[in-house]
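To start, the structure under review is shown below, and the notes come after it.
The values are calculated or read from the model by the stated rules, or taken from the named source; none is laboratory data. In this text the structure is predicted, and so the values were computed from the model without any measurement. As a convention, Cβ positions derive from the backbone with ideal geometry for all residues, glycine included, and neighbour counts pool all protein chains shown. When the accessible area is computed, the model is the full protein with side chains, heavy atoms only, and any ligands, DNA or RNA have been set aside. Shrake-Rupley method; radii C 1.70, N 1.55, O 1.52, S 1.80 Å.
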Amino acid sequence: MPFPTHRKRRLRSSEPMRRLVRETHLEPSQFVLPLFVCPGEGIRKAITSMPGNYQLSVDELVRECEGAAPLGIGGVILFGIPDAKDEHASGAYADDGIVQQAVRALKRALPNLLVITDVCNCEYTSHGHCGMVVDGDVDNDATLAWLAESALSHARVGADIVAPSDMMDGRVGAIRHSLDAHGFTNTAILAYAAKFASAFYGPFREAAESAPQFGDRRTYQMDPPNAREAMHEMALDLEEGADMLMVKPAMPYLDLIRQAYDRFPVPISAYQVSGEFSMIMAAVERGWLDYERTMMESLIAIRRAGASIILTYFARDAARILS
């Protein structure tokens with residue numbers, strides 16, 4: 001028999017050929033760098049479970065962003081670690097809260113850097129849950145006022161995008177109404193629309209000091225087996241005024257990123273969370289995986305699935321490789 005006419009290896013014969021026919025591309029502008037900001041000055045406290053990541057005081061945060069911005073990354077997302085916590089999450093919406101201080105400083109130093117703020121309460125509550133606890137459970141509707149006030153306080157100091165991550169029903173609508181009522185119609189909402197109750201968040205809870213003091217978050221974060229429910233959550237957030245949708249975590253939920261991309265005509269983002277980052281780094285440190293190749297392959301998989309925005313702790317190193 002004659003050899004088959006089609007030889008797919010022709011288009012893999014060299015790196016220039018592979019570049020020419022490559023279907024999916026990464027750009028630094030697609031990356032958002034998560035950063036953790038804490039009170040004090042000159043603080044750069046290593047996060048042991050996330051090599052290369054730190055809790056940063058505001059001055060150090062600005063220095064970090066001054067180094068990252070020239071790499072062309074799409075922006076940063078801020079998580080606050082307050083100096084005190086209480087049952088009312090008051091540090092989340094205080095005018096002098098740690099995230100509010102950080103946004104002001106970044107906008108003074110780097111006015112063109114896109115700043116996203118995480119809108120949640122778990123870092124600010126003494127019990128570590130994402131809302132007001134009543135009779136041992138998070139009260140959904142009572143929590144909405146906290147979230148709306150937090151988002152508004154972030155917009156007032158210059159945040160470009162607010163990103164509610166709490167998974168309360170109706171939070172996007174409450175935030176959109178509050179922003180619009182106070183004149184912040186141009187402040188965009190990136191909704192953590194399909195955020196799952198995942199085992200991959202462990203290192204983050206060290207970084208943000210946000211582990212719940214009792215129970216877990218399964219009554220408000222999504223059950224991992226549910227895909228159709230995730231699509232419904234996303235549709236509801238769009239109805240309430242979300243501008244962009246997020247799937248979190250990323251790699252265990254690539255199928256849902258693809259479904260969201262195919263279904264919704266808005267930018268789809270994915271959060272490559274702390275556990276995804278840390279397990280790659282642990283394997284790299286043991287010599288089991290190649291750092292650069294594994295990092296880039298993991299990111300291209302998320303992009304190929306349909307995410308046009310990737311929140312990743314690899315943002316700096318990946319941008320250096322691509323630039």
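Here are the numbers for this structure:
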{"read-out": "Set V266, V284, V247: member being out of contact with any Gly (no Cβ under 8 Å at 6 or more places or on another chain) and within 16 Å of M167 (Cβ to Cβ)", "value": "V247"}
{"read-out": "Residue count for the stretch 78-108, restricted to those that are in contact with an Asp or Glu (Cβ under 7 Å, 6 or more places away or on another chain) and of a type in the set (A, V, I, L, M)", "value": "2"}
{"read-out": "Given (1) without any contact (Cβ under 8 Å) to a residue 40 or more places away in the chain; (2) closer than 22 Å to G170 by Cβ; (3) open to solvent by 60 Å² or more (accessible area, probe 1.4 Å), index of the condition A142 fails", "value": "(3)"}
{"read-out": "Residue check, R12 touching a strand residue (DSSP E or B) at 6+ places or on another chain (Cβ under 6 Å) and of a type in the set (K, R)", "value": "no"}
{"read-out": "Restricting the stretch 218-229 to residues that are part of a loop (DSSP other than H, G, I, E, B) and modelled with pLDDT of 95 or more, the residue that is surrounded by the fewest Cβ atoms within 10 Å (Cβ to Cβ)", "value": "P225"}
{"read-out": "From the options A193, A151, residue that is in contact with a helix residue (DSSP H, G or I) (Cβ under 9 Å, 6 or more places away or on another chain), closer than 30 Å to A227 by Cα, modelled with pLDDT of 95 or more and in a strand (DSSP E or B)", "value": "A193"}
{"read-out": "Matching residues in the stretch 202-213 - criterion: being open to solvent by 10 Å² or more (accessible area, probe 1.4 Å) and touching a helix residue (DSSP H, G or I) at 6+ places or on another chain (Cβ under 7 Å)", "value": "G202, P203, F204, A211"}
{"read-out": "In the stretch 95-105, the residues that are open to solvent by less than 40 Å² (accessible area, probe 1.4 Å) and not small (G, A, S)", "value": "I98, V99, Q100, V103"}
{"read-out": "For R108: the one exception among (1) surrounded by fewer than 21 Cβ atoms within 10 Å (Cβ to Cβ); (2) of a type in the set (K, R); (3) touching a residue at least 12 places away in the same chain (Cβ under 8 Å)", "value": "(3)"}
{"read-out": "Within the stretch 1-94, strands (runs of 3 or more DSSP E) holding 3 or more residues that are within 24 Å of S298 (Cβ to Cβ), in contact (Cβ under 8 Å) with a residue 60 or more places away in the chain and open to solvent by less than 50 Å² (accessible area, probe 1.4 Å)", "value": "31-38, 75-80"}
{"read-out": "Subset of the stretch 149-175 that is β-branched (V, I, T) and open to solvent by 10 Å² or more (accessible area, probe 1.4 Å) - its residue that is nearest to G97 (Cα to Cα)", "value": "V157"}
{"read-out": "S126 hydroxyl-bearing (S, T, Y) and in contact with a helix residue (DSSP H, G or I) (Cβ under 6 Å, 6 or more places away or on another chain)", "value": "no"}
